[in-house]
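Colleague: Before I ask anything, let me first share the structure, which is written out below as structure tokens.
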Amino acid sequence: MSSISAKLKGFQSMDSHKKSSTKSESADKKKQKLKAIFLLVAFLALIVILMLPTPEGLSVAGHRTLAVLAFAVILWVTEAVSYPVSAALITVLLTLLLGFGPSLEDPTQIMGTKTALTMSLSGFSNSAAILVAAALFLAAAMQATKLDKRIALTILSKVGSQTKSILIGAILVGVVLAFFVPSTTARVGAIVPIILGMVAAFGLEKNSRLAALLMITSAQIGSIWNIGVKTAAAQNMVAIGFIEEAFGKSVTWGQWFLYAAPWSIAMSVLLYFVMLKVIPPEMDSIPNGNEMVRKQLDELGKMTKPQIRLTIISVTLLFLWATEGTLHDIDTTTSTLLAVAIMLTPKIGVFSWKEAESNIPWGTIILFAAGISLGTVLLKTQAANWMSSAMFSSIGISTLSVLGIIAAVAAFNFLIHLGFASATSLASAFIPVVISLTQGLEGYSVATLIGIVLIQQFVVSFGFLLPVNAPQNMVAYGTGAFTTKDFLKSGVPLTIIGYLLILLFAATYWKWVGLL
């Protein structure tokens, strides 16, 4: 009888598994069908804009670039294709549409695909794109050697077993890793398994309030310090690339830190209070919590030779970044490339090319370079200038004070961010428009114009509202520790506080240090 019962249970289990598999396949088919529709919509938008008369004051090349931009935005917002595929499509479309159109210098002549291809690939030779690629090697080295995990566990082992202390520890981990791991996704990816292990060891469910509190905090602190540290996120390099292209000037690592770090420090403190208010944990302390973290740290053993070498390389690199323009003239890109060369060198390095190759998100590099290319073409064809006038002239933005301009453009920045899952994509589409806006302003120094652009880049990193607004949010969301509603509970107050803090700093601190 028991064997019959067991067989029945086995059949029921198989049937349940088949039903679950069928549902999953059905959902995948529906998703793929939806993506195909979005891709078709993107091409239709491209064709419709191309068929419209070229607006007055806009070149044919600019008109065609705007059509490609609309195509790109639809792909990025809907994720109809992967980001690397979208980069390939954008590059090809720019090359063909511009190549068979009038030249920018002489509209009576055809530009030619060779010249157009050079423009379409300009982002791939940009120093900012090279810096992103080099920084991703550093992030991969952290993951390969598990140094990022060791740093996180070391910090958590020092904070004690009070839940408030653990929350502070999670915030500190996010802050410290921002200096050494130039990838937000990698930083959050390092802390997520540690938090899950802690929660499980405490005997709590993974969707407990403590788990939600720590997971959301880890994602939000990532976004906050994307702003505080120049090398913490790829989208910052987008802005730097465009600023160098438009103004012929750059922003050093130290200058960026001087401008943005105080804002991030203030937001980190406020994050602590906001999180405790919106998602209070079930308990005030965790029995044996500190011992559990120390146990995980002990399992890592003593620091390995690669970890020691990587620590030396990372600290030296941080020193070179921070002292650029004061103690030496080695730019951020060159110093990072030097670090990568050392990391890959046998005997003195930390990992092999084969190990690095498998841990580098090459698609991010391709998207980044293609995004810079698109933004550069928007600037060169004056399409960004035309868009800037169309977006902001109606509200008379040129008559506003600097603070008024920052407030109005930042509010618009928040609005369009809701549709983007990638801050790199948003920066590629929006920062050229902001640059064109500033170039139309009169009576301001170049430093102030750069300051306005830089502040809008800070706002680009505001991924506080929804899980889909940033990749690091999705890493944390994928654990099932919290719902979208939970994330929104913290996201709304953090966005409002962050916006008000931007305006406060624009009215005070950023004027004092010469950013505005």
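Colleague: Within the range 300-318, can you find the residues that are in a loop (DSSP other than H, G, I, E, B) and either surrounded by 13 or more Cβ atoms within 10 Å (Cβ to Cβ) or not assigned by TED's automatic domain parsing to the domain that holds residue 154 (or both)?
Modeller: Residues satisfying the conditions are 303, 304.
Colleague: Identify the residue in the range 468-485 that is outside any helix (DSSP H, G or I) and aliphatic (A, V, I, L, M) and, among all such residues, is surrounded by the fewest Cβ atoms within 10 Å (Cβ to Cβ).
Modeller: 481
Colleague: Further, regarding this structure: Counting only residues that are buried (at least 17 other Cβ atoms within 10 Å of the Cβ) and closer than 16 Å to residue 162 by Cα, which one in the range 279-299 is modelled with the highest pLDDT?
Modeller: 279
Colleague: Another question, if that's okay. Given (1) crowded, with 22+ Cβ neighbours inside 10 Å; (2) more than 16 Å from residue 283 (Cβ to Cβ); (3) among the hydrophobic types (A, V, I, L, M, F, W, C), where does residue 196 come up short, assuming only one miss?
Modeller: Every listed condition holds for residue 196 apart from (1).
Colleague: Please name all residue pairs, on different chains or six or more residues apart, with Cβ atoms under 7 Å, provided the first residue is in the range 110-136 and is over 19 Å from residue 231 (Cα atoms) and the second residue is among the basic types (Lys, Arg).
Modeller: 119/380
Colleague: Testing residue 262 on (1) modelled with pLDDT of 95 or more; (2) under 30 Å from residue 205 (Cα atoms), one condition comes back false. Which one is that?
Modeller: (2)
Colleague: Restricting attention to helices (runs of 4 or more DSSP H) lying wholly within the range 128-212, give those where 3 or more residues are under 30 Å from residue 427 (Cα atoms) and among the hydrophobic types (A, V, I, L, M, F, W, C).
Modeller: Of the helices (runs of 4 or more DSSP H) lying wholly inside the range 128-212, those with at least 3 residues that are under 30 Å from residue 427 (Cα atoms) and among the hydrophobic types (A, V, I, L, M, F, W, C) span 163-180, 184-201.
Colleague: Select from the range 421-460 the residues that are at pLDDT below 90 and under 11 Å from the mean Cα position of the chain (by Cα) and write down the one among them that is nearest to residue 79 (Cα to Cα).
Modeller: Checked the range 421-460; the qualifying residue nearest to residue 79 (Cα to Cα) is 421.
Colleague: Based on this model, can you work out whether residue 364 counts as of a type in the set (Val, Ile, Thr), assigned to a helix (DSSP H, G or I) and modelled with pLDDT of 85 or more?
Modeller: Here the answer is no, as residue 364 does not meet what is asked.
Colleague: Does at least one position in the range 486-507 carry a residue that is crowded, with 23+ Cβ neighbours inside 10 Å and part of a loop (DSSP other than H, G, I, E, B)?
Modeller: no
Colleague: Suppose we filter the range 76-91 for residues that are over 16 Å from residue 120 (Cα atoms) and surrounded by fewer than 24 Cβ atoms within 10 Å (Cβ to Cβ); how many remain?
Modeller: 7
Colleague: In the range 205-235, which residues are farther than 23 Å from residue 314 by Cβ, β-branched (Val, Ile, Thr) and touching a Phe, Trp or Tyr at 6+ places or on another chain (Cβ under 6 Å)?
Modeller: 216 - this is the single residue of the range 205-235 that is farther than 23 Å from residue 314 by Cβ, β-branched (Val, Ile, Thr) and touching a Phe, Trp or Tyr at 6+ places or on another chain (Cβ under 6 Å).
Colleague: Further question on the same structure: Could you list all residues from the range 316-361 that are touching a helix residue (DSSP H, G or I) at 6+ places or on another chain (Cβ under 7 Å) and acidic (Asp, Glu)?
Modeller: Residues satisfying the conditions are 324, 355.
Colleague: I'm trying to understand the selection: among the residues of the range 63-103, which are in a loop (DSSP other than H, G, I, E, B), in contact with a helix residue (DSSP H, G or I) (Cβ under 6 Å, 6 or more places away or on another chain) and among the charged types (D, E, K, R)?
Modeller: Selection gives nothing.
Colleague: Among (1) β-branched (Val, Ile, Thr); (2) touching a Ser or Thr at 6+ places or on another chain (Cβ under 7 Å); (3) farther than 17 Å from residue 134 by Cβ, there is one condition residue 395 misses while meeting the rest; what is its number?
Modeller: Unmet for residue 395, out of (1) β-branched (Val, Ile, Thr); (2) touching a Ser or Thr at 6+ places or on another chain (Cβ under 7 Å); (3) farther than 17 Å from residue 134 by Cβ: (2).
Colleague: Related question: Could you grab me the full set of residues in the range 444-462 that are β-branched (Val, Ile, Thr) and either free of Cβ contacts under 8 Å to residues at least 24 places away in the same chain or farther than 21 Å from residue 496 by Cβ (or both)?
Modeller: 446, 448, 450, 452, 453, listed by residue number.
Colleague: Give 219, 186 a once-over and let me know the one that is crowded, with 22+ Cβ neighbours inside 10 Å and either at pLDDT 90 or above or in contact with a Pro (Cβ under 6 Å, 6 or more places away or on another chain) (or both).
Modeller: It is 219.
Colleague: Scan the range 106-118 for residues that are under 14 Å from residue 373 (Cβ atoms) and surrounded by fewer than 22 Cβ atoms within 10 Å (Cβ to Cβ) and jot them down.
Modeller: Hits for the range 106-118 are 115, 117, 118.
Colleague: Moving on. Over 17 Å from residue 149 (Cβ atoms), among the aromatic types (Phe, Trp, Tyr) and buried (at least 17 other Cβ atoms within 10 Å of the Cβ), is that true of residue 321?
Modeller: Yes.
Colleague: Identify the single condition in (1) surrounded by fewer than 19 Cβ atoms within 10 Å (Cβ to Cβ); (2) under 18 Å from residue 217 (Cα atoms); (3) modelled with pLDDT under 85 that residue 172 does not satisfy, given that it satisfies every other one.
Modeller: In the conditions (1) surrounded by fewer than 19 Cβ atoms within 10 Å (Cβ to Cβ); (2) under 18 Å from residue 217 (Cα atoms); (3) modelled with pLDDT under 85, residue 172 misses (3) alone.
Colleague: Looking only at the range 383-424, count how many residues are touching a Leu at 6+ places or on another chain (Cβ under 7 Å), among the polar types (S, T, N, Q) and either assigned by TED's automatic domain parsing to the domain that holds residue 245 or buried (at least 18 other Cβ atoms within 10 Å of the Cβ) (or both).
Modeller: 2
Colleague: Could you grab me the full set of residues in the range 380-399 that are farther than 13 Å from residue 440 by Cα and at pLDDT 80 or above?
Modeller: If the condition is that a residue be farther than 13 Å from residue 440 by Cα and at pLDDT 80 or above, then 380, 381, 383 are the ones that fit.
Colleague: Criterion first (within 29 Å of residue 432 (Cα to Cα) and either of a type outside the set (Lys, Arg) or at pLDDT 95 or above (or both)) does residue 273 satisfy it? Talk me through it step by step, then tell me what you get.
Modeller: Numbers: within 29 Å of residue 432 (Cα to Cα): no; either of a type outside the set (Lys, Arg) or at pLDDT 95 or above (or both): yes.
No, not satisfied.
Colleague: Let me ask something additional. Give me the pairs: first residue in the range 170-181 and at negative phi, second residue part of a helix (DSSP H, G or I) and among the aromatic types (Phe, Trp, Tyr), beta-carbon distance under 7 Å, and six or more apart or on different chains, which are they?
Modeller: Short answer, once both residue conditions are applied: 171/272; 174/225; 175/225; 178/225.
Colleague: Related question: Report, ordered by the first and then the second residue, all pairs with beta carbons closer than 9 Å, sequence separation of six or more or different chains, a first member in the range 294-315 that is under 16 Å from residue 346 (Cα atoms), and a second member that is of a type in the set (Phe, Trp, Tyr) and in a loop (DSSP other than H, G, I, E, B).
Modeller: From residues that are under 16 Å from residue 346 (Cα atoms), the pairs are 306/351; 310/351.
Colleague: Here's a follow-up. So which of 475, 460, 492, 513 ends up being of a type in the set (A, V, I, L, M), out of contact with any strand residue (DSSP E or B) (no Cβ under 6 Å at 6 or more places or on another chain) and closer than 25 Å to residue 433 by Cβ?
Modeller: Selected residue: 460, the only one of 475, 460, 492, 513 that is of a type in the set (A, V, I, L, M), out of contact with any strand residue (DSSP E or B) (no Cβ under 6 Å at 6 or more places or on another chain) and closer than 25 Å to residue 433 by Cβ.
The values are calculated or read from the model by the stated rules, or taken from the named source; none is laboratory data. This is a predicted model, so every value here is computed, not measured. Note that we place each Cβ from the backbone using ideal geometry, even for glycine, and neighbour counts take in every protein chain shown.
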